[in-house]
Protein chains: 2
Amino acid sequence: MEFDLIARIRARAGQRDDVVLGIGDDAAILRVPEGRHLVVATDALNAGVHFPAATAAADIGWKALAVNLSDLASMAAQPAWCMLSLSLPQADVDWIDGFLDGFLALAAQHGIALVGGDTTRGPLSVCVTAHGLVEPGRALRRDGARVGDDVWVTGSLGDAAAALALLASPESADGHRTEAGDAAAGASAWLRLRLDRPQPRLAVGAALAGVAHACIDVSDGLLADLGHVCAASGAGAEVRVDALPASDALCARFGHEARRELQAAGGDDYELCFTAPQEMRDAVAGIGLEAAVAVTRIGRIVAGDGVRACDGDGRTWRPGRAGYAHFAG
Amino acid sequence: MEFDLIARIRARAGQRDDVVLGIGDDAAILRVPEGRHLVVATDALNAGVHFPAATAAADIGWKALAVNLSDLASMAAQPAWCMLSLSLPQADVDWIDGFLDGFLALAAQHGIALVGGDTTRGPLSVCVTAHGLVEPGRALRRDGARVGDDVWVTGSLGDAAAALALLASPESADGHRTEAGDAAAGASAWLRLRLDRPQPRLAVGAALAGVAHACIDVSDGLLADLGHVCAASGAGAEVRVDALPASDALCARFGHEARRELQAAGGDDYELCFTAPQEMRDAVAGIGLEAAVAVTRIGRIVAGDGVRACDGDGRTWRPGRAGYAHFAG
C-alpha cells in the first residue's frame, strides 16, 4: 500500500527553496542556513489516547502537526520542514485526503514543508517530526526562569479538557450555568474546535525571544507544565488560580470550581506558558496585541521549588481528584 | 508515565559536541556544521507488522534505529542525531531498559546521539527520525542510475525473509536440504539474527559517494527496491537471479527455488543495492574489502523500464505467488 499513498502525499506537499530533495527517496536532503541552529521536536498521536477514535481525519491531520509546531513555538523557532510517519489499519484514500486537508492547511499557514516520512500498516497512529530554525542563543528553554519573573500564559486554558469532559459525559457541565439550547450547543462546538484544532502560538513564541526567560507549551496541564519549568530552572512558582484566562464558552458550560480544575490541570491546551522579567510587561502586552493573541499574567517565579496555586484569599488551592484528567498518555 | 521514562532514557543517551540542547525540553537544539547538508529519514516499526510480537525488547530497539540508519547509509550520509517516539501499552521499566540496551548499543557504534522524542500510551510502536550530514552534491539518490551501470548489492539477501518463513512454518525449509540437528538450529538462529539485528551499511554507503550513481536500501525486497531506482532514474535493469548472494545459513535451510524467492522478493534485508559505472568495479571491490562487507555484482542498468530477472539460461524468472511475503506493511 505504501507507494500509492506516498505518491498521493507527494503531489500535495508544499515547497521551499531550501529543500534539496523532498519526498520520494530514502531520506530528505535539506539546506540549513548559516547562522541558524536546528530545532527538532517529535510528538506522536495515537487513536483513543490523544484524540477520540471518532475524530475527523482532517482534525487528526491538523492536530498532529499543531502539537509539534507548538513545541517549535515554545522554543521561539521558525518552522521549516516536517516528516510524517503514518500507521493506518488499511489504505483508505478518502481518509488520507481528509488527513492531508487538515495537515497541509496548517503547514501552509506556517510555511513548513512536508519533506518525507513513511506509511505503514498498524493501529491508527501519527508521528510527526518538526524542524525549525533559530538564531544561536535566542531559543527559549525551560531552564531560564528567574526569581521575580512574572508568569504568563497565552490564550485561554481548559477548553480542550472541557470538550473531552463534555464528550465523556454531557451532564458534567453545570446544569444551572447552561444557557438554553443553541447557546450551549455553540459553546460546546467552540470547545470542541479548541480540542481538535489547536493554534500553535508561533508568532508569539518567536517574538518572545529576547523578552521571555523561559517558555513551555501547555500540553500536560498548566500546573504540570509550569512545574517542569520550575524544576528545570531550580525555582518555584505561585499562580493565582482565579487569574487563569477562561474562554466565554468555558464559562457558559462550566461552573466556578469545575472551571478551575479544567484550567489548572486539564491538558491539550497548546498555549504557551512563559516567564519574563517585570520590566518586560509592556513588551509582552505589545507582543500579544501584535499577534492578536491574549496574554495574561497569572503569577510569579519565587525562590524554592514546586508550583503553588492560590485562591483569591491567598489560600493554597489544589486540583481535586475527581477532576478532568488529561486524555493524553 | 512520561516523565519517569524520559529521565531513564536521558540518563543513558549518548553525547555529541554539536548538541546544544538534548533530551528534556520541548525540542532539541542542534548545530549543523557549515558546508554540510542535513539528511533526514523517518521509519516506524509496529508490533506484529514489522517484527513478530514476541521479539525481545533489545532487538526491537536495535532494529528501530537500524532501519533508519540504513536509510542514511543509502544516501551516503554520516549519522548525527536521532529522535525516538515510543508508544507503549504500559510503562514497563524492564522492557524499556532492554529496548535501550539494543537501541543505544547500535547508536554508540555509529556515533549517533539520541536527542529527544516522546513516550505515549498506545499499542507498541516505535517511530525514529534519524539525522545525518553529507557534503552538498555527494548524497546518493535513487534517480542517478545510468544505462550501462553495473548493479551491485551488499551482504547476502533473503535471510530476514527466511527467518520469518521459518517462524511461520518450520517445515517450510526443504527437508532434504536440512542438516541434522545442531547445524540446522544454528543456521536458523543465524537467520533470526539477520532479521532482528540488521547491520546498517554506513561505511559502505559513505565510501560509495563519488563512486556509485544511485543507491537504495533493500527493505521491500530486491526486485521492488531496484524497481524504485529504475523508476526514479528512467531506466530498466536486468539481474541474474542466480547471482544474488546467499548466506551459508540460507543455503543450509532452503532449496534452490525457495532461496530465489527469498532473495529476490523477501524484504527486511537492509542491504544496499547500488549502481556504478563499469570502470568503478575495482573501486567498489576495494570499498567492500575495506568495510569487510561482501559486494556482489548482480546485473546491469539497461534502456527501458522495469526490472527483469533471468535465470542461468537467460529466461525471464518471476517470483512465485507462493513465496515468502514481505512481513512489513
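Annotations for the structure displayed:
- Rounded to the nearest 100, the interface formed by chains B and A buries 4400 square angstrom of accessible surface, both chains summed, with a 1.4 Å probe.
- With DNA, RNA and ligands ignored, accessible area of residue B:193 (1.4 Å probe; Å², nearest 10): 100
- Heavy-atom accessible area with a 1.4 Å probe sorts B:287, A:216, largest first, into B:287, A:216.
- Ligands, DNA and RNA aside, residue A:63 has an accessible area near 10 Å² when probed at 1.4 Å.
- Intensity falloff of region A:200-329 expressed as log10 I(q)/I(0), Debye formula with alpha-carbon point scatterers, at q = 0.09, 0.18, 0.21, 0.22 Å⁻¹: -0.25, -1.07, -1.42, -1.51
- Three-way shape call for chain B based on the alpha-carbon gyration tensor, with the a/c threshold at 1.5: oblate
- Rounded to 5, the percent of DSSP beta bridges in the protein assembly as shown classed as antiparallel: 75
- Carbon plus sulfur fraction of accessible area for the protein assembly as shown, probe 1.4 Å, in percent: 49
- Stokes-Einstein diffusion coefficient of region A:15-120, Kirkwood radius over Cα pairs, 4 °C, 1.567 mPa s, in µm²/s: 88
- In the complete set of protein chains, residue-level accessible area for residue A:100 is approximately 0 Å², probe 1.4 angstrom.
- GNM flexibility winner over chain B from B:225, B:217, B:311 (Cα, springs under 10 Å): B:311
- Just checking the listed ones, B:80, B:265, B:231: in the Gaussian network model of chain B with Cα springs under 10 Å, the one fluctuating most is B:231.
- Counting only protein heavy atoms and a 1.4 Å probe, chain A has 37 square angstrom of accessible area per residue.
- Whether region A:59-208 is rounded, prolate or oblate, judged on the alpha carbon gyration tensor where a/c under 1.5 counts as rounded: oblate
- A crude spin-label estimate for the pair residue B:31 and residue A:94, with each label 7 Å from Cα along the Cβ direction, gives 5.3 nm.
- Fraction of antiparallel bridges per DSSP, region A:229-329 only, in percent to nearest 5: 55
- Loop-located trypsin sites (Lys or Arg not before Pro) in region B:249-326 (DSSP state other than H, G, I, E, B) with a sparse environment of at most 10 neighbouring Cβ atoms within 10 Å: B:315, B:321.
- Alpha carbon centroid spacing (whole Å) that separates region A:195-242 from region A:259-306: 7
- At R0 = 51 Å, FRET efficiency that the Cβ-Cβ distance of residue B:53 and residue A:143 yields, to 0.05: 0.80
- Mean projection of the Cα convex hull over all viewing directions, computed for region A:1-64: 6.2 nm².
- Within 10 Å of the Cβ of each residue in A:114-126, the mean number of Cβ atoms contributed by other protein chains is 6.
- Members of region A:68-93 that become less accessible by 40 Å² or more once partner protein chains are added (1.4 angstrom probe, chain alone as reference): A:75, A:83
- The longest part of chain A holding none of the exposed loop GluC sites (Glu not before Pro), meaning those outside H, G, I, E and B in DSSP with at most 14 other Cβ atoms within 10 Å, is A:180-329.
The values are calculated or read from the model by the stated rules, or taken from the named source; none is laboratory data. Remember, predicted model here, so these are calculated numbers, not experimental data. So basically every Cβ, Gly included, is an ideal-geometry build from the backbone, and we count neighbours across all protein chains shown. The accessibility values were calculated without ligands, DNA or RNA, using every heavy atom of the protein model including side chains. Shrake-Rupley method; radii C 1.70, N 1.55, O 1.52, S 1.80 Å.
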